[in-house]
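Beneath this line is the structure, given in structure tokens, with notes to follow.
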């Protein structure tokens, strides 16, 4: 039997091709031409550009100059005050302040609408807009304080007064201080008797800070009243309001109450003294006046104020 040729037999082992190790340089992928690495990152991984800071310039009333085109400005002022861009509203409020200080007569016909815009701006969460509107109210008090109640609806001024009292009572110092200045300007610029009637209800406000600011404003009004004006308002009412505030929560309120009582006391003694020309008799009349209109405890407390 012939033997089979071994030429076609399978090799005993198969030699596998060896892998060539990749060079570190050849492993790098070439960068795409004209495409930076930063541009290939996802948007969510890219930090947002820094926000542009917006600042508002707070201009003192003394530095506000007249408008060169006041008659044209008054025709577009309300539209500018109604802008949705709060920065533009701040600019319009500064123009409003210029109108109030230097072009008062042009502002009178739209005063009610202006007050409504100011109240709305005071409610804004943006402190800069709020402060600018408070500054505008102070300038309006200065120029139009004597006419504010007669040229606007009653509720319009009451809303403005409430916002000022609330802003003067809050924790943001630079807003609070500006509101206090506006309230002081209001107290010295407006007719005291009508203003007292508006302030009286806030002496019983639930917020003790509002009571304090109202008491301070009332004390400034009462300090300029004569005895006849006090009687016209109701001198007993003034005394009772002040007596109730003597034991209030805040020292500011109590100090304002003592100031009110002191003003009433001085005018009362001057009036009685002019009639009797006897100081001891006038003092006795004052004590009797307090005793007949206040509780014994409160009357005694008031007597101690003037015995010190």
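The values are calculated or read from the model by the stated rules, or taken from the named source; none is laboratory data. What you see is a predicted model; the values in this text were computed from it and never measured. Neighbour counts are summed over all protein chains in view; Cβ atoms, including those assigned to glycine, are modelled from backbone coordinates with ideal geometry.
Do we have any residue at all in the range 167-174 that's crowded, with 17+ Cβ neighbours inside 10 Å, assigned by TED's automatic domain parsing to the domain that holds residue 95 and in a helix (DSSP H, G or I)? Looking through the range 167-174, at least one residue is crowded, with 17+ Cβ neighbours inside 10 Å, assigned by TED's automatic domain parsing to the domain that holds residue 95 and in a helix (DSSP H, G or I).
Evaluating residue 237 against the criteria (1) buried (at least 18 other Cβ atoms within 10 Å of the Cβ); (2) modelled with pLDDT of 90 or more leaves one unmet condition, (1). Considering only residues that are within 23 Å of the chain's Cα centre (by Cα) and more than 22 Å from residue 55 (Cα to Cα), which ones fall in the range 80-102? 99, 100, 101 - these are the residues of the range 80-102 that are within 23 Å of the chain's Cα centre (by Cα) and more than 22 Å from residue 55 (Cα to Cα). When residue 145 is tested against (1) under 23 Å from residue 94 (Cβ atoms); (2) surrounded by fewer than 14 Cβ atoms within 10 Å (Cβ to Cβ); (3) over 16 Å from the mean Cα position of the chain (by Cα), only condition (2) is not met.
Cβ separations smaller than 9 Å between residues 6+ apart or across chains give the following pairs from the range 293-308 residues that are assigned by TED's automatic domain parsing to the domain that holds residue 266 to residues that are surrounded by 11 or more Cβ atoms within 10 Å (Cβ to Cβ) and modelled with pLDDT under 90: 306/283. Considering the conditions (1) in contact with a helix residue (DSSP H, G or I) (Cβ under 8 Å, 6 or more places away or on another chain); (2) part of a helix (DSSP H, G or I), residue 231 is excluded by exactly one of them, (1).
Within the range 104-126, being free of Cβ contacts under 8 Å to residues at least 40 places away in the same chain, in contact with a helix residue (DSSP H, G or I) (Cβ under 7 Å, 6 or more places away or on another chain), closer than 20 Å to residue 58 by Cα and surrounded by fewer than 17 Cβ atoms within 10 Å (Cβ to Cβ) holds for one residue alone: 124. Answer yes or no as to whether residue 140 is out of contact with any strand residue (DSSP E or B) (no Cβ under 8 Å at 6 or more places or on another chain), farther than 17 Å from residue 184 by Cα and surrounded by 15 or more Cβ atoms within 10 Å (Cβ to Cβ). Spelling it out, it is not the case that residue 140 is out of contact with any strand residue (DSSP E or B) (no Cβ under 8 Å at 6 or more places or on another chain), farther than 17 Å from residue 184 by Cα and surrounded by 15 or more Cβ atoms within 10 Å (Cβ to Cβ).
Looking at the range 164-171, can you tell me whether even one residue there is touching a residue at least 24 places away in the same chain (Cβ under 8 Å) and closer than 14 Å to residue 195 by Cβ? Yes: one or more hits.
Scanning the range 270-308 for residues that are assigned to a loop (DSSP other than H, G, I, E, B) and modelled with pLDDT of 90 or more turns up 294, 295.
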